[in-house]
Each structure stands twice: as structure tokens, then as C-alpha cells.
Amino acid sequence: SRAIKTNQDLLPETPWTHIFYNDFWGTLLTHSGSHKSYRPLCTLSFRINHAVGGMDPWGYHLVNVLLHAAVTGLFTNFSRILFGDGYWTLIAGLLFASHPIHTEAVAGIVGRADIGACLFFLLSLMCYVKHCSTRGSSPITWGWILGAGLCGGCSMLWKEQGVTVLAVSAVYDIFVFQNLCLWWKQDTVYLRKNLTLFLSIGLLTSWGTLLLGVRLYWMGNKPPSFSNSDNPAADSDSFLTRTLTFFYLPTKNLWLLLCPDTLSFDWSMDAVPLLKAVSDWRNLHTVVFYAGLLLLANFSLKGSSSERECNGKTVMNGKQNANGHSCHSEMEYKTLVVKSTFASKEENGIKKHEMQKLQLPSTENIVILSLSLLIVPFVPATNLFFYVGFVIAERVLYVPSMGFCLLVTVGVRALYVKAQKRFLKNLVFCSTAALIFFYGLKTVVRNGDWQNEEMLYRSGIKVNPAKAWGNLGNVLKSQSKISEAESAYRNALYYRSNMADMLYNLGLLLQENSRFSEALHYYKLAIGSRPTLASAYLNTGIILMNQRKTEEARRTFLKCSEIPDENLKDPHAHKSSVTSCLYNLGKLYHEQGHYADALMVYKEAIQKMPRQFAPQSLYNMMGEAYMRMSRLPEAEHWYVESLRSKSDHIPAHLTYGKLLALT
């Protein structure tokens, strides 16, 4: 809702340049309550969608699906650089296309930020690959690195993690394109011949530093602040709890990639219980995860000096084997073309190919690149450098999943090579096909959950019951299922009793059904849980006004009007509630005959009024106050203003008609 439905930056009357000063939700980036999510290119795509099709969701979903298709095509094309033409590239592409973890990013409209970032991430990486292949042989090589830098910047403007492509590009250059030469060739001749390599890495580092510096400056040099429910571990006072939980979370994320059986639209609050002691059995998962990661990295970096794998064939000491494949240990493999005819029945899943261009890195080098694709884009979400506003977010795994798919593919290929019997080779292929099939099946099932809000929130009850029941209550209320909505709200409060939003929503439901004393009780609880919740003050004051408790109502409205909008998640909604409080306070003074006081309050309301606030009632009441004070020209001015803001506002027609009859 905040990203699209109530985002003023999507409206044609809002200058499009505002997109570059506001965050993803339409809040000024330097505002203390801003999430600092600076994604102007994604917001711009939403604005184009809005200009073409308004609020029809079909067009938004179409763009998301097309972007995912484009990303899948680019990823498959990139996989060809690593695996060559054949089954392995196809397997990598199918794994990415079908992975269920992508459902949130593709089926959820706001997930477009991750898809767009991944699109330009891959474009940047492909440009850098072109730069590497032409470096030292053509002046156009610097055009390719310029393209890589620009696409990397665009990726960051879709979503923050896009800037990590520059680090991944450096890993590709050193470990894949240079084939680890940097570590075993330290002589001055080599260094002199590869000054362009160091220049390329230097350019990547400088550009990345500049982008991050500008990004930090643009958001006011301050990190965002989040509520404790968004990221409970970050709010914990215990250093041990924070450390154990933050070390465990990457393990949980990897498990979601490996076995995406349980997925949820929201993993905040207590969806992942905190690890408070070393004796927590989940620490074993953490140990196994990091031990496996270190072993994999060690295997990749050391490799084997006597035997290496290259696209499914064994190669001795970097020399060409009998079947024509080579996996060179130095730079000569970059532009190697081997003329050969494969006489064997099957070679890397391709039969009888001639003139195959071999630019294929070793298994170890692919593992290094895969690990970098898996880990580096995920680093911003690890709470390592700054706290983030979530525990786990499936959409954040969209870019890292490329590394996961490459790791699975290279692992399957290694098993296929090691298998000696045809039966075992077939078993590996069949198991991989089954994995792709079940991933695709889970994606189809998960898409069903995303068909509408009710199904989505029901699917999340087992993971995050408090959040899921609360959101489900809103949906049921919109469907006029009042008793079911009330039960849903109470279920949410059963799991987490201090949720101010749920207490407020339950109070609002009770107020709309004339259960005013119960509504007041829940509004007071909501205010106690979150003293800055202006909408709770507003509705409390309205009930007290209707109960003729005018002094209590006046104090409530005054207190609401004094609440600042600093560090608030949604300052626009807060300002609207404050303006409504002032409007009702003015009405209270008006009914008591204090017209001058009423006018002062109305003028304050106009000053604090946000752009999205509908002002016709406020303007009409100002006209009424001037009318009662016999200041007819001013009264006529505000009646006209009321009708200008909403031409069919009936109260303004009536009051303006009385004025015209009088004059």
C-alpha cells in the first residue's frame, strides 16, 4: 500500500524529480523516520505503470514476470561462460527459473526492486566479462568497463545490494579469468604485463567507494532506525544473543535456498526465535554451515596441482586431455579455440560438435565465483555493517540464489564426472531433473498463496502467527466478516499482546460497531504501547466528543497535535491524523461558540496538512467560523476553496448557498 497505493510520487501531479529525493515509500530520504531505502529506478517503473494502467494490478504483474524472464535469460547466458554449451548451462538456467524462493520477488509487486537490481547486476557483470576478454587487445575494452560501472550504479538505484556486483566482478577477474595466476605468479615480468588487471580492479574499487559515499551522503549520513519487532535480535541488550542469532541467520537463509518447504510473506517478530544460549541446538547448524563454507573455500583456493576438472572432464596439470578439452592454469585459456571432433557418444551432454570455443574455467574457480555470488550480495542483509529492518526476507535471496544455482550445477557436474558406471551417471541426471521438477511444483503451489491477500496471510500463520492473523483481520474486515475479523485480531494479540497496530485495529472495529467503551479500552492500550500513535488519539477524542466529555476530548486532541513526526515509520499518515485531530478540536471550539479559537486551530491544521489530505471539510468549517463572526468575504473565500478541492462536497454547497442568500 505505501509503496504504490498511497505513494504520492506515483501521481502525475507530483513532479517526477521528487522520486530522486524520497525513499521507496515516498518519504523524504533525510527524514528521521525514513527507511533510507533509496530505489528511484524502481519507483520510476511504478510511476510508468501507474501512468499506463492506473491501479490495475495486471500491468504491474506483467512487468515483474517479463523482468524475471529477462533475468533468467541473462543468467543462463552467463552460465554458458562457465559451463559452455550443453546440459550444465541448461540445468543452471532451469534451477534459477523454477526456484520457489523467487516467488515473493516476482509475485509480490514491491519485489520488483530485487528483480530490477538483478537485471542490471547481470548486465554489469556481462559487460565486465567483455572487458576482460578484450583487455590489452582493443581500445573498446574501456567502453565495456564503463558500461559495467554504469550498470552497477543502475543496479544500486534499483536496490542497495546491487552495488556488490563490483566486488563479484573483481572475483571473476582474479579467480576465473586470470585462473588464480595472481597468487602463483609474483615475478616482475608478470606484474608488468598485467598492469591493466590492477587498473581494472582499481577502477572497480574507486567506483564502488564513490557510489557508497554518495549514497551515504544522499540519505543524510545517518543509518535508518527500525522498531524492535522488525529485527528483535538488533534490539536485544545481550551481546551473546545478538552474536549467536546473527551468525545463525545466514544458515537459515541457506536452508531456505536448499529446501524451500516453508515460506512466509513475513519473518519478523518471533518467526525466528532468538538464540540466547550456547546450549541452543541450532548452534550446531551454525557450526556445520561455517565449517562447510570454509572447507569449500579452502578446496577452491588450493585446488589440485596435479588434477583439475574442466566442464566435466579430468585434466592433468592444465594440459589438454585426449578428448580435446583443456583447462589452462594461465591466461592462455582466455582466447583458446580448439578444433576437434568428438567421437565419443556424449561429451558434456553435446554430441559431435566441431570448432568448439573453450573458455571454460576449472571446477575450483567456478566454486569460488559461485560462493562470491552467494555471499557478497547477501552481506548487506547480515547486520554486519548496519542493522536492517527484517529478520529474513525471501526477496533478498533473489540475487544470491544465482550463486546457489551455480553451486548446485557444478556439484552435480562433479558427481557426474566421478561416477564410473552409466547407471550412476543416469541417476545423477534423474535426481537433478527431479529437483528442478519439485522446485517448479513448489513455485506453482506458492504462486497460489500469492493470488490474493487472504490466502497469503493464511499461509503465513504457522511461521508468523501474530503478523499473519493481524493482516488477515484487516482483509476479513474489508469483506464485512466482522466476527471473523474480531477473532483474527484477538488471535494476533494472543501471540503478541503489545502490538499497537492490532490494538488500534481492534478498537476501530469495535467503534464502527458502536461498542464504544470496549473501543476506548483498546485505544488506550494502543497508546500505552505506542505513545506516538496519532490515529488512536484521534478516535479516542471523537468517542469522548460524542459522549459529551468535552474537556477530556479537548485534552486528547491537544496532546495528539503536539506529537512530532520524528522517527515515525509513516510520517504522511501521522500528519493526516494530526490534521484530523486539529479539525475535530476546531469543531469542538466551534460548537462551544469559541469561533476565534476554532479559527486558530483550523489555521494550524492547514499548516500541518500533508499533500494527500482531503481538505474540503476543513475549508468549509473555516468558512462557517468566519460566517458566525460576520466576516462574510473571508467566509465566501473558504467556501469556494472547499468546492474547488471537491466539487461535489454537499455541506459546502449548502453553506455557500446560505451565504449567497444572505448577501
Please pick out the residue among A536, A488, A519, A492 that is in contact with a helix residue (DSSP H, G or I) (Cβ under 8 Å, 6 or more places away or on another chain), free of Cβ contacts under 8 Å to residues at least 60 places away in the same chain and closer than 18 Å to L568 by Cβ. A536
State all residues of region 193-212 that are among the aliphatic types (A, V, I, L, M) and open to solvent by less than 30 Å² (accessible area, probe 1.4 Å); if no residue qualifies, say none. L197, L204, L211
Among (1) surrounded by fewer than 19 Cβ atoms within 10 Å (Cβ to Cβ); (2) at pLDDT 95 or above; (3) not small (G, A, S) - the single one D187 does not satisfy: (2)
Apart from one, (1) of a type in the set (S, T, Y); (2) open to solvent by 70 Å² or more (accessible area, probe 1.4 Å); (3) within 30 Å of T540 (Cβ to Cβ) all hold for S617; the odd one out is (2)
Find the residue count for region 427-468, including only residues that are farther than 24 Å from P57 by Cβ and touching a Pro at 6+ places or on another chain (Cβ under 8 Å). 1
Which of the following residues is touching a Lys or Arg at 6+ places or on another chain (Cβ under 8 Å) and either open to solvent by 20 Å² or more (accessible area, probe 1.4 Å) or free of Cβ contacts under 8 Å to residues at least 12 places away in the same chain (or both): R39, R47? R39
Given the condition in contact (Cβ under 8 Å) with a residue 60 or more places away in the chain, crowded, with 17+ Cβ neighbours inside 10 Å and out of contact with any Phe, Trp or Tyr (no Cβ under 9 Å at 6 or more places or on another chain), answer yes or no: does some residue in region 213-228 qualify? no
In region 495-507, residue nearest to T532 (Cα to Cα) [restricted to those that are open to solvent by 60 Å² or more (accessible area, probe 1.4 Å) and either out of contact with any Phe, Trp or Tyr (no Cβ under 8 Å at 6 or more places or on another chain) or free of Cβ contacts under 8 Å to residues at least 24 places away in the same chain (or both)]: D501
Please list, ordered by residue number, the helices (runs of 4 or more DSSP H) wholly in region 73-178 having 1 or more residues that are open to solvent by 40 Å² or more (accessible area, probe 1.4 Å). 87-98, 112-134, 141-158, 165-171
Filter result (in a helix (DSSP H, G or I) and either open to solvent by 40 Å² or more (accessible area, probe 1.4 Å) or in contact with a Ser or Thr (Cβ under 9 Å, 6 or more places away or on another chain) (or both)) within region 383-410: E394, R395, M402, G403, F404, C405, L406, L407, V408, T409, V410
List, please: which pairs have Cβ atoms under 6 Å, are six or more places apart or on different chains, and start with a residue in region 246-274 that is among the aromatic types (F, W, Y) and end with one that is in a loop (DSSP other than H, G, I, E, B)? F246/N383; Y248/L275; F265/G460; W267/V391; W267/I392
So A434, is it under 22 Å from G84 (Cα atoms), among the hydrophobic types (A, V, I, L, M, F, W, C) and without any contact (Cβ under 8 Å) to a residue 60 or more places away in the chain: no
Scan region 539-563 for residues that are open to solvent by 20 Å² or more (accessible area, probe 1.4 Å) and in contact (Cβ under 8 Å) with a residue 12 or more places away in the chain and report the count. 10
Of those in region 515-526 that are open to solvent by 30 Å² or more (accessible area, probe 1.4 Å), of a type outside the set (D, E) and in a helix (DSSP H, G or I), the residue nearest to P273 (Cα to Cα) is L525
Going through (1) in contact (Cβ under 8 Å) with a residue 60 or more places away in the chain; (2) within 30 Å of T432 (Cβ to Cβ); (3) open to solvent by 20 Å² or more (accessible area, probe 1.4 Å) one by one, H31 fails only at (2)
Quick test for you: out of R611, R628, pick the one residue that is out of contact with any Cys (no Cβ under 7 Å at 6 or more places or on another chain) and in contact (Cβ under 8 Å) with a residue 60 or more places away in the chain. R611
T251 vs. criteria open to solvent by less than 50 Å² (accessible area, probe 1.4 Å) and touching a Phe, Trp or Tyr at 6+ places or on another chain (Cβ under 8 Å): yes
Output the qualifying pairs, or none if there are none: Cβ atoms under 7 angstrom, residues six or more apart or on different chains, first residue in region 631-656 and of a type outside the set (S, T, Y), second residue surrounded by fewer than 15 Cβ atoms within 10 Å (Cβ to Cβ) and not in a helix (DSSP H, G or I). L632/T663; K646/A614
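The values are calculated or read from the model by the stated rules, or taken from the named source; none is laboratory data. Every value quoted in this text rests on a predicted model; they were computed, and no experiment measured them. Note that we place each Cβ from the backbone using ideal geometry, even for glycine, and neighbour counts take in every protein chain shown. Quick note on the areas: whole protein, heavy atoms, side chains included, nothing else; ligands and nucleic acids left out. Shrake-Rupley method; radii C 1.70, N 1.55, O 1.52, S 1.80 Å.
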